[in-house]
1. What's the number of the condition residue 97 fails, among (1) acidic (Asp, Glu); (2) surrounded by fewer than 18 Cβ atoms within 10 Å (Cβ to Cβ); (3) farther than 18 Å from residue 16 by Cα?
2. Return the total of residues in segment 204-222 being exposed (fewer than 12 other Cβ atoms within 10 Å of the Cβ) and among the small types (Gly, Ala, Ser).
3. Please identify the pairs in which a residue from segment 40-62 that is in contact (Cβ under 8 Å) with a residue 40 or more places away in the chain and at negative phi has its Cβ atom under 6 Å from the Cβ atom of a residue that is acidic (Asp, Glu) and buried (at least 22 other Cβ atoms within 10 Å of the Cβ), counting only partners at least 6 apart or on another chain.
4. In contact with a Gly (Cβ under 6 Å, 6 or more places away or on another chain) and surrounded by 14 or more Cβ atoms within 10 Å (Cβ to Cβ) - does that describe any residue in segment 175-184?
5. Which residues, taken from segment 35-83, are touching a Gly at 6+ places or on another chain (Cβ under 9 Å), part of a loop (DSSP other than H, G, I, E, B) and among the aliphatic types (A, V, I, L, M)?
6. Tell me which residues, restricted to segment 1-34, are closer than 16 Å to residue 79 by Cα and either part of a strand (DSSP E or B) or without any contact (Cβ under 8 Å) to a residue 12 or more places away in the chain (or both).
7. Can we say residue 91 is assigned by TED's automatic domain parsing to the domain that holds residue 36, in contact with a helix residue (DSSP H, G or I) (Cβ under 7 Å, 6 or more places away or on another chain) and at pLDDT below 90?
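The values are calculated or read from the model by the stated rules, or taken from the named source; none is laboratory data. Bear in mind that the values here come from a model prediction, so they are computed numbers and not experimental data. We place every Cβ from the backbone using ideal geometry, glycine too, and count neighbours over all the protein chains shown.
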Amino acid sequence: MSFKVIVADDEQAIAHAVAYALKREGFEVETAYDGEEALRKTEAFQPQVLVLDVMMPKLSGFDICRKLGSRTDIGILLLTVKDDIVDKIVGLELGADDYMTKPFDLRELVARVKALCRRVDKKGESQPGTLIAIGSLKLQLEQRTVSVGGKELILTPKEFDLLALLLIHLKRVFTREELLEQVWGMDYAGGTRTVDIHIQRLRSKLGPDQQQLLQTVYGVGYKAAGDSS
């Protein structure tokens, strides 16, 4: 299939350069020059990936992440002029999957978009009806849904993939590097702090009844611990 990407940046020269590079690799690409246009085109074009500049008129990249918070079928790559860890953490907290700091190498950006497409495309590869139940938590692999105490949780694609990996391999300890490779892909250039942020977000969403499910193994990484049924 041909993957669809929306490139949103108010600097039209950057948007056109990114779009051209992606089209050369076979992507279908639409461009937008402000946040409201990006949102409108997202609904009409139904892309697999959004490449969003953080600082845009009308709606910022962060604003779009907030508005798409319940969408688990779109990968989001943020572009920022600030090499500031706070901005990067905010973006990840709001549901972005990856980030790059301007100026960037177009070849690297294309590689990251391809990685996001692969991860989005992996949905539905699980066996039909596969259910993981641990206490009040239920994770349905095929439907990509998670509920706790009967209440469905809204997870980003990375949050779901990370939780599913840990629950499938219950009690196995994963290093941060292993989690990065298996959830984000070998060509992901972000650091292991990304894993820590996603674990923190998952713990918050899982709530107090499941606060012991995701455990830190100090000096190593993380594991899921519990009694499956």
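1. For residue 97, the exception is condition (2).
2. Counting residues in segment 204-222 that are exposed (fewer than 12 other Cβ atoms within 10 Å of the Cβ) and among the small types (Gly, Ala, Ser) gives 2.
3. 53/9; 61/53
4. Taking every residue of segment 175-184 in turn, at least one turns out to be in contact with a Gly (Cβ under 6 Å, 6 or more places away or on another chain) and surrounded by 14 or more Cβ atoms within 10 Å (Cβ to Cβ).
5. Residues satisfying the conditions are 54, 55, 56, 59, 68.
6. 5, 6, 7, 8, 13, 31, 32
7. The answer is yes for residue 91.
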